[in-house]
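Heads up, the thing below is written out as C-alpha coordinates.
The values are calculated or read from the model by the stated rules, or taken from the named source; none is laboratory data. Computed from a prediction, not measured in an experiment: that's the story for all the values here. Here the Cβ positions follow ideal geometry from the backbone for every residue, glycine too, while neighbour counts run over all protein chains shown.
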Amino acid sequence: MAKTALVLCGGGSRAAFAVGVLKYIYSQPSPQQFDIFCGTGTSAIVTSLAALGEINLLEKLFTLNRTADLINTGNLLQRFPGSNSLYNNTAFIQKLNNIFTEARFDALKKTEKEIFIAALSLQTNQITYFSPNVPPSKDVFNIQRTEEVNLFREAVLGACSNPVFMPPVEVKVPGVFAQQYFTAGGELYSPIRLAIARGATSIYVIQLSPDLNINKSIYYKDVVDLLERQIDQDTLALNPADISLVHAQNTTLQYLEQVKNNLLNSGMSPEAVEQAFETDNNPFKNKQVIDLHIIKPEKALPAPMGGLEFDPGTMKELLEIGQQTAEKKWARE
(Lines give C-alpha, C1' and ligand atoms only; values in the text may rest on other atoms or scores of the structure.)
Protein backbone atom coordinates (compact mmCIF):
# COMPACT_ATOMS: atom_id res chain seq x y z
CA MET A 1 0.00 0.00 0.00
CA ALA A 2 1.33 3.44 -0.95
CA LYS A 3 2.19 5.63 2.01
CA THR A 4 2.60 9.37 2.56
CA ALA A 5 5.41 10.68 4.77
CA LEU A 6 6.02 13.91 6.66
CA VAL A 7 9.68 14.83 7.12
CA LEU A 8 10.87 17.68 9.34
CA CYS A 9 14.27 19.20 10.08
CA GLY A 10 15.46 20.58 13.43
CA GLY A 11 15.75 24.24 14.27
CA GLY A 12 14.81 25.04 17.87
CA SER A 13 12.23 27.82 18.04
CA ARG A 14 12.19 27.92 14.23
CA ALA A 15 10.07 24.76 14.35
CA ALA A 16 7.18 27.18 14.95
CA PHE A 17 7.29 27.64 11.16
CA ALA A 18 6.61 23.90 10.71
CA VAL A 19 3.78 24.12 13.25
CA GLY A 20 2.26 26.91 11.15
CA VAL A 21 2.47 24.76 8.02
CA LEU A 22 0.79 21.87 9.82
CA LYS A 23 -1.87 24.15 11.27
CA TYR A 24 -2.83 25.15 7.73
CA ILE A 25 -2.79 21.53 6.49
CA TYR A 26 -4.89 20.19 9.34
CA SER A 27 -7.40 23.06 9.09
CA GLN A 28 -8.45 22.10 5.56
CA PRO A 29 -11.84 20.40 4.96
CA SER A 30 -10.02 17.26 3.75
CA PRO A 31 -6.57 17.54 5.33
CA GLN A 32 -3.61 15.65 3.92
CA GLN A 33 -3.10 12.41 5.86
CA PHE A 34 0.35 11.09 6.74
CA ASP A 35 1.40 7.50 7.43
CA ILE A 36 5.06 8.11 8.33
CA PHE A 37 6.48 10.88 10.53
CA CYS A 38 10.18 11.65 10.96
CA GLY A 39 11.84 14.55 12.77
CA THR A 40 14.86 15.65 14.74
CA GLY A 41 15.64 18.63 16.95
CA THR A 42 12.52 20.26 18.37
CA SER A 43 10.76 18.86 15.31
CA ALA A 44 10.90 15.52 17.12
CA ILE A 45 8.24 16.99 19.40
CA VAL A 46 6.32 18.33 16.40
CA THR A 47 6.23 15.01 14.53
CA SER A 48 5.18 13.04 17.61
CA LEU A 49 2.28 15.33 18.48
CA ALA A 50 1.28 15.81 14.84
CA ALA A 51 0.94 12.03 14.53
CA LEU A 52 -1.67 12.28 17.30
CA GLY A 53 -3.35 15.27 15.63
CA GLU A 54 -2.54 17.57 18.56
CA ILE A 55 -1.93 20.72 16.54
CA ASN A 56 -3.55 23.00 19.14
CA LEU A 57 -1.09 21.79 21.78
CA LEU A 58 1.80 22.35 19.36
CA GLU A 59 0.66 25.91 18.77
CA LYS A 60 0.61 26.57 22.51
CA LEU A 61 4.05 25.02 23.02
CA PHE A 62 5.62 27.05 20.23
CA THR A 63 3.99 30.41 20.96
CA LEU A 64 3.77 30.60 24.76
CA ASN A 65 7.11 29.28 26.06
CA ARG A 66 10.08 31.53 26.73
CA THR A 67 13.76 30.59 26.87
CA ALA A 68 13.70 30.55 30.69
CA ASP A 69 10.85 28.02 30.58
CA LEU A 70 13.10 25.57 28.75
CA ILE A 71 16.79 26.17 29.45
CA ASN A 72 18.89 28.05 31.98
CA THR A 73 21.52 30.05 30.13
CA GLY A 74 23.06 31.18 33.45
CA ASN A 75 26.54 32.62 33.59
CA LEU A 76 28.58 31.05 30.79
CA LEU A 77 31.93 31.69 32.45
CA GLN A 78 30.81 29.92 35.61
CA ARG A 79 29.27 27.01 33.75
CA PHE A 80 32.07 26.22 31.30
CA PRO A 81 34.85 24.70 33.49
CA GLY A 82 34.25 21.00 34.06
CA SER A 83 30.82 21.10 32.43
CA ASN A 84 29.56 19.18 29.41
CA SER A 85 27.35 22.04 28.23
CA LEU A 86 26.96 25.79 28.38
CA TYR A 87 23.31 25.65 29.36
CA ASN A 88 21.24 23.70 31.88
CA ASN A 89 18.35 21.66 30.47
CA THR A 90 16.53 20.68 33.69
CA ALA A 91 13.46 22.77 32.84
CA PHE A 92 13.32 21.26 29.36
CA ILE A 93 13.41 17.74 30.79
CA GLN A 94 10.44 18.58 33.00
CA LYS A 95 8.64 20.08 30.01
CA LEU A 96 9.09 16.87 28.01
CA ASN A 97 7.84 14.81 30.95
CA ASN A 98 4.69 16.94 31.03
CA ILE A 99 4.17 16.69 27.27
CA PHE A 100 4.80 12.98 26.83
CA THR A 101 2.59 11.53 29.51
CA GLU A 102 1.93 7.82 29.89
CA ALA A 103 -1.38 8.31 28.07
CA ARG A 104 0.21 10.08 25.07
CA PHE A 105 3.02 7.55 24.86
CA ASP A 106 0.46 4.74 24.94
CA ALA A 107 -1.39 6.44 22.07
CA LEU A 108 1.87 6.70 20.09
CA LYS A 109 2.54 3.00 20.63
CA LYS A 110 -0.96 2.03 19.45
CA THR A 111 -1.27 4.29 16.41
CA GLU A 112 -0.87 2.73 12.96
CA LYS A 113 1.21 5.73 11.92
CA GLU A 114 4.97 5.13 11.93
CA ILE A 115 6.94 7.62 14.05
CA PHE A 116 10.70 8.12 13.92
CA ILE A 117 12.82 10.34 16.17
CA ALA A 118 16.33 10.86 14.78
CA ALA A 119 19.37 11.40 17.01
CA LEU A 120 23.13 11.20 16.41
CA SER A 121 25.22 8.82 18.52
CA LEU A 122 28.54 10.25 19.70
CA GLN A 123 29.93 6.73 20.09
CA THR A 124 29.14 5.45 16.58
CA ASN A 125 28.74 8.73 14.64
CA GLN A 126 25.62 7.21 13.13
CA ILE A 127 21.97 8.21 13.17
CA THR A 128 19.60 6.18 15.29
CA TYR A 129 15.90 6.38 14.45
CA PHE A 130 13.98 5.81 17.68
CA SER A 131 10.36 4.74 17.38
CA PRO A 132 7.60 4.01 19.89
CA ASN A 133 5.84 1.59 17.53
CA VAL A 134 8.18 0.25 14.81
CA PRO A 135 10.15 -2.96 15.42
CA PRO A 136 13.94 -2.58 15.71
CA SER A 137 16.02 -3.10 12.59
CA LYS A 138 19.63 -2.63 11.47
CA ASP A 139 19.17 -3.70 7.85
CA VAL A 140 19.81 -0.30 6.24
CA PHE A 141 18.76 2.18 8.92
CA ASN A 142 19.42 1.76 12.63
CA ILE A 143 15.91 1.68 14.09
CA GLN A 144 15.52 1.22 17.84
CA ARG A 145 12.17 0.78 19.55
CA THR A 146 11.45 2.71 22.74
CA GLU A 147 9.36 0.26 24.73
CA GLU A 148 8.60 2.53 27.68
CA VAL A 149 7.85 6.20 28.19
CA ASN A 150 11.09 7.25 29.93
CA LEU A 151 13.16 5.77 27.11
CA PHE A 152 11.05 7.68 24.58
CA ARG A 153 11.48 10.91 26.54
CA GLU A 154 15.26 10.39 26.57
CA ALA A 155 15.26 9.82 22.81
CA VAL A 156 13.31 13.04 22.19
CA LEU A 157 15.60 14.93 24.60
CA GLY A 158 18.66 13.65 22.75
CA ALA A 159 17.15 14.64 19.40
CA CYS A 160 16.48 18.15 20.76
CA SER A 161 19.94 18.69 22.29
CA ASN A 162 22.37 20.92 20.43
CA PRO A 163 26.02 20.00 21.06
CA VAL A 164 27.98 22.24 23.44
CA PHE A 165 24.91 24.31 24.37
CA MET A 166 23.08 21.34 25.88
CA PRO A 167 24.53 18.18 27.44
CA PRO A 168 24.58 14.91 25.49
CA VAL A 169 21.79 12.53 26.48
CA GLU A 170 22.50 8.92 27.39
CA VAL A 171 19.95 6.51 25.97
CA LYS A 172 20.14 2.86 27.03
CA VAL A 173 18.01 0.62 24.83
CA PRO A 174 17.78 -2.91 26.29
CA GLY A 175 20.27 -5.17 24.54
CA VAL A 176 22.27 -2.23 23.13
CA PHE A 177 25.23 -0.54 24.83
CA ALA A 178 24.50 2.89 26.31
CA GLN A 179 25.22 5.76 23.93
CA GLN A 180 25.21 9.56 24.15
CA TYR A 181 23.03 11.42 21.68
CA PHE A 182 22.68 14.86 20.12
CA THR A 183 20.39 16.26 17.44
CA ALA A 184 20.67 14.47 14.10
CA GLY A 185 20.40 17.29 11.56
CA GLY A 186 23.03 17.73 8.88
CA GLU A 187 24.86 15.55 6.37
CA LEU A 188 24.05 12.23 8.08
CA TYR A 189 20.31 12.89 8.39
CA SER A 190 18.54 11.02 5.56
CA PRO A 191 14.84 10.88 6.47
CA ILE A 192 13.65 10.86 2.86
CA ARG A 193 15.47 7.63 2.11
CA LEU A 194 14.10 6.19 5.35
CA ALA A 195 10.57 7.14 4.29
CA ILE A 196 11.04 5.54 0.86
CA ALA A 197 12.41 2.38 2.49
CA ARG A 198 9.27 2.29 4.66
CA GLY A 199 7.07 2.39 1.55
CA ALA A 200 6.40 6.11 1.05
CA THR A 201 5.61 7.18 -2.51
CA SER A 202 4.55 10.71 -1.53
CA ILE A 203 6.74 12.78 0.79
CA TYR A 204 6.20 16.23 2.29
CA VAL A 205 9.39 17.91 3.52
CA ILE A 206 9.18 21.01 5.71
CA GLN A 207 12.50 22.84 5.69
CA LEU A 208 13.30 25.71 8.03
CA SER A 209 15.64 27.66 5.78
CA PRO A 210 15.57 28.86 2.16
CA ASP A 211 18.05 27.61 -0.45
CA LEU A 212 20.13 30.77 -0.02
CA ASN A 213 20.19 31.59 3.68
CA ILE A 214 21.52 35.16 3.49
CA ASN A 215 21.08 37.58 6.38
CA LYS A 216 22.88 40.89 5.85
CA SER A 217 21.69 42.36 9.15
CA ILE A 218 23.84 40.07 11.33
CA TYR A 219 27.48 40.77 12.15
CA TYR A 220 29.09 38.19 14.43
CA LYS A 221 31.31 39.47 17.26
CA ASP A 222 30.61 37.31 20.31
CA VAL A 223 32.31 33.89 20.60
CA VAL A 224 29.05 32.26 21.71
CA ASP A 225 27.23 33.70 18.69
CA LEU A 226 29.94 32.34 16.41
CA LEU A 227 29.74 28.92 18.05
CA GLU A 228 25.96 28.91 17.77
CA ARG A 229 26.12 29.90 14.12
CA GLN A 230 28.49 27.05 13.22
CA ILE A 231 26.50 24.42 15.12
CA ASP A 232 23.32 25.78 13.57
CA GLN A 233 24.80 25.37 10.08
CA ASP A 234 25.79 21.78 10.83
CA THR A 235 22.49 20.64 12.34
CA LEU A 236 19.65 22.65 10.77
CA ALA A 237 19.05 20.87 7.47
CA LEU A 238 18.92 17.33 6.15
CA ASN A 239 21.39 15.64 3.81
CA PRO A 240 21.06 17.52 0.48
CA ALA A 241 21.76 14.25 -1.35
CA ASP A 242 18.47 12.96 0.07
CA ILE A 243 16.57 15.38 -2.15
CA SER A 244 18.88 15.23 -5.19
CA LEU A 245 18.73 11.42 -5.26
CA VAL A 246 14.93 11.53 -5.43
CA HIS A 247 15.07 14.03 -8.29
CA ALA A 248 17.65 11.85 -10.11
CA GLN A 249 15.56 8.71 -9.60
CA ASN A 250 12.39 10.41 -10.82
CA THR A 251 14.11 11.84 -13.90
CA THR A 252 15.64 8.47 -14.79
CA LEU A 253 12.38 6.55 -14.34
CA GLN A 254 10.48 9.06 -16.47
CA TYR A 255 13.19 8.85 -19.16
CA LEU A 256 13.08 5.03 -19.17
CA GLU A 257 9.30 5.14 -19.51
CA GLN A 258 9.64 7.44 -22.54
CA VAL A 259 12.17 5.04 -24.10
CA LYS A 260 9.77 2.12 -23.59
CA ASN A 261 6.95 4.07 -25.22
CA ASN A 262 9.18 4.96 -28.19
CA LEU A 263 10.08 1.29 -28.66
CA LEU A 264 6.41 0.30 -28.52
CA ASN A 265 5.50 3.01 -31.03
CA SER A 266 8.23 1.76 -33.36
CA GLY A 267 6.49 -1.63 -33.57
CA MET A 268 8.36 -3.59 -30.93
CA SER A 269 6.12 -5.99 -29.02
CA PRO A 270 5.37 -5.31 -25.32
CA GLU A 271 6.98 -8.64 -24.42
CA ALA A 272 10.20 -7.77 -26.25
CA VAL A 273 10.32 -4.32 -24.63
CA GLU A 274 9.94 -5.77 -21.14
CA GLN A 275 12.56 -8.43 -21.87
CA ALA A 276 15.02 -5.77 -23.04
CA PHE A 277 14.79 -4.02 -19.69
CA GLU A 278 14.70 -7.21 -17.59
CA THR A 279 18.34 -7.49 -16.49
CA ASP A 280 19.80 -8.98 -13.32
CA ASN A 281 21.51 -5.74 -12.32
CA ASN A 282 18.72 -3.25 -13.08
CA PRO A 283 19.10 -0.62 -10.30
CA PHE A 284 15.60 0.75 -11.00
CA LYS A 285 13.69 -2.52 -10.75
CA ASN A 286 10.55 -2.06 -8.62
CA LYS A 287 11.39 1.63 -8.12
CA GLN A 288 8.60 4.21 -8.33
CA VAL A 289 8.42 7.90 -9.10
CA ILE A 290 8.31 9.72 -5.76
CA ASP A 291 5.85 12.58 -5.38
CA LEU A 292 8.10 15.02 -3.48
CA HIS A 293 6.71 18.24 -1.96
CA ILE A 294 9.16 20.69 -0.39
CA ILE A 295 7.78 23.47 1.81
CA LYS A 296 10.29 26.12 2.86
CA PRO A 297 10.40 29.82 3.72
CA GLU A 298 11.18 32.32 0.99
CA LYS A 299 13.81 34.03 3.13
CA ALA A 300 15.75 33.40 6.34
CA LEU A 301 13.45 33.04 9.34
CA PRO A 302 13.88 35.48 12.25
CA ALA A 303 15.29 33.27 15.00
CA PRO A 304 17.53 34.78 17.71
CA MET A 305 20.48 32.58 18.69
CA GLY A 306 19.76 30.33 15.72
CA GLY A 307 16.59 29.05 17.32
CA LEU A 308 18.01 28.58 20.83
CA GLU A 309 16.15 31.63 22.06
CA PHE A 310 12.41 31.19 22.52
CA ASP A 311 10.46 34.43 22.28
CA PRO A 312 6.63 34.18 22.07
CA GLY A 313 6.30 37.19 19.77
CA THR A 314 8.90 35.91 17.32
CA MET A 315 7.47 32.39 17.35
CA LYS A 316 3.96 33.67 16.63
CA GLU A 317 5.44 35.46 13.64
CA LEU A 318 7.15 32.24 12.52
CA LEU A 319 3.89 30.32 12.87
CA GLU A 320 2.07 32.88 10.73
CA ILE A 321 4.83 32.71 8.10
CA GLY A 322 4.41 28.93 8.05
CA GLN A 323 0.66 29.23 7.51
CA GLN A 324 1.11 31.77 4.71
CA THR A 325 3.80 29.66 3.04
CA ALA A 326 1.60 26.56 3.12
CA GLU A 327 -1.38 28.48 1.75
CA LYS A 328 0.71 29.71 -1.21
CA LYS A 329 2.09 26.20 -1.79
CA TRP A 330 -1.35 24.58 -1.85
CA ALA A 331 -2.76 27.34 -4.07
CA ARG A 332 -0.17 26.44 -6.72
CA GLU A 333 -0.93 22.71 -6.62
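Taking the range 148-163 as the range and being surrounded by fewer than 19 Cβ atoms within 10 Å (Cβ to Cβ) and modelled with pLDDT under 95 as the test, only Pro163 passes.
In the range 84-102, the residues that are free of Cβ contacts under 8 Å to residues at least 40 places away in the same chain reach residues that are basic (Lys, Arg) with C-beta atoms within less than 9 angstrom, at least six apart or across chains, in these pairs: Asn88/Arg79. Looking only at residues of the range 275-287 that are surrounded by 12 or more Cβ atoms within 10 Å (Cβ to Cβ) and over 19 Å from Thr201 (Cβ atoms), we find that the one that is nearest to the chain's Cα centre (by Cα) is Phe277.
Among the residues of the range 212-223, some residue qualifies, meaning at least one is aromatic (Phe, Trp, Tyr) and modelled with pLDDT under 70. Listed here are the strands (runs of 3 or more DSSP E) enclosed by the range 74-147 that have at least 2 residues being at pLDDT below 95 and aromatic (Phe, Trp, Tyr), and there are none.
Being at pLDDT below 95, surrounded by fewer than 22 Cβ atoms within 10 Å (Cβ to Cβ) and among the polar types (S, T, N, Q) is the filter here, so list the residues in the range 1-27 that pass it. Selection gives nothing.
Give the residue, chosen from Lys328, Lys285, Lys316, Lys299, that is more than 15 Å from Ser13 (Cα to Cα) and part of a helix (DSSP H, G or I). Explain how you work it out, then say what you get.
Values: Lys285 fails: part of a helix (DSSP H, G or I); Lys316 fails: more than 15 Å from Ser13 (Cα to Cα); Lys299 fails: part of a helix (DSSP H, G or I).
Result of the check over Lys328, Lys285, Lys316, Lys299: Lys328.
Identify all residues within the range 272-291 that are free of Cβ contacts under 8 Å to residues at least 12 places away in the same chain and aliphatic (A, V, I, L, M); write none if there are none. Full working, then the answer.
Start the filter on the range 272-291 by keeping residues that are free of Cβ contacts under 8 Å to residues at least 12 places away in the same chain, which leaves 272, 274-275, 278-283, 285-286.
If the condition is that a residue be free of Cβ contacts under 8 Å to residues at least 12 places away in the same chain and aliphatic (A, V, I, L, M), then Ala272 is the only one that fits.
Note on the range 9-65: residues that are in contact (Cβ under 8 Å) with a residue 60 or more places away in the chain, among the aliphatic types (A, V, I, L, M) and touching a strand residue (DSSP E or B) at 6+ places or on another chain (Cβ under 7 Å) amount to 5. Here Leu264 passes the criteria (1) assigned to a helix (DSSP H, G or I); (2) among the hydrophobic types (A, V, I, L, M, F, W, C); (3) within 23 Å of Leu6 (Cβ to Cβ) except the one numbered (3). Checked against (1) surrounded by fewer than 13 Cβ atoms within 10 Å (Cβ to Cβ); (2) closer than 24 Å to Ala200 by Cα; (3) at pLDDT below 90; (4) polar (S, T, N, Q), Gln254 passes all but condition (3). Going through (1) in contact (Cβ under 8 Å) with a residue 24 or more places away in the chain; (2) closer than 28 Å to Leu194 by Cα one by one, Pro312 falls short only on (2). Using the structure shown, decide if Asn261 is surrounded by 11 or more Cβ atoms within 10 Å (Cβ to Cβ), more than 20 Å from Ile203 (Cα to Cα) and polar (S, T, N, Q). Considered against the rule, which asks whether it is surrounded by 11 or more Cβ atoms within 10 Å (Cβ to Cβ), more than 20 Å from Ile203 (Cα to Cα) and polar (S, T, N, Q), Asn261 comes out as yes. You will find that of Ala178, Ala200, the residue that is modelled with pLDDT of 90 or more and within 30 Å of Glu333 (Cβ to Cβ) is Ala200 and no other.
Can you tell me how many residues within the range 164-197 are within 17 Å of the chain's Cα centre (by Cα) and on the phi < 0 side of the Ramachandran plot? Steps first, please.
Taking the range 164-197 and keeping what is within 17 Å of the chain's Cα centre (by Cα), we get 181-197.
Retained after the next criterion (residues that are on the phi < 0 side of the Ramachandran plot): 181-185, 187-197.
Of the residues in that region, 16 qualify.
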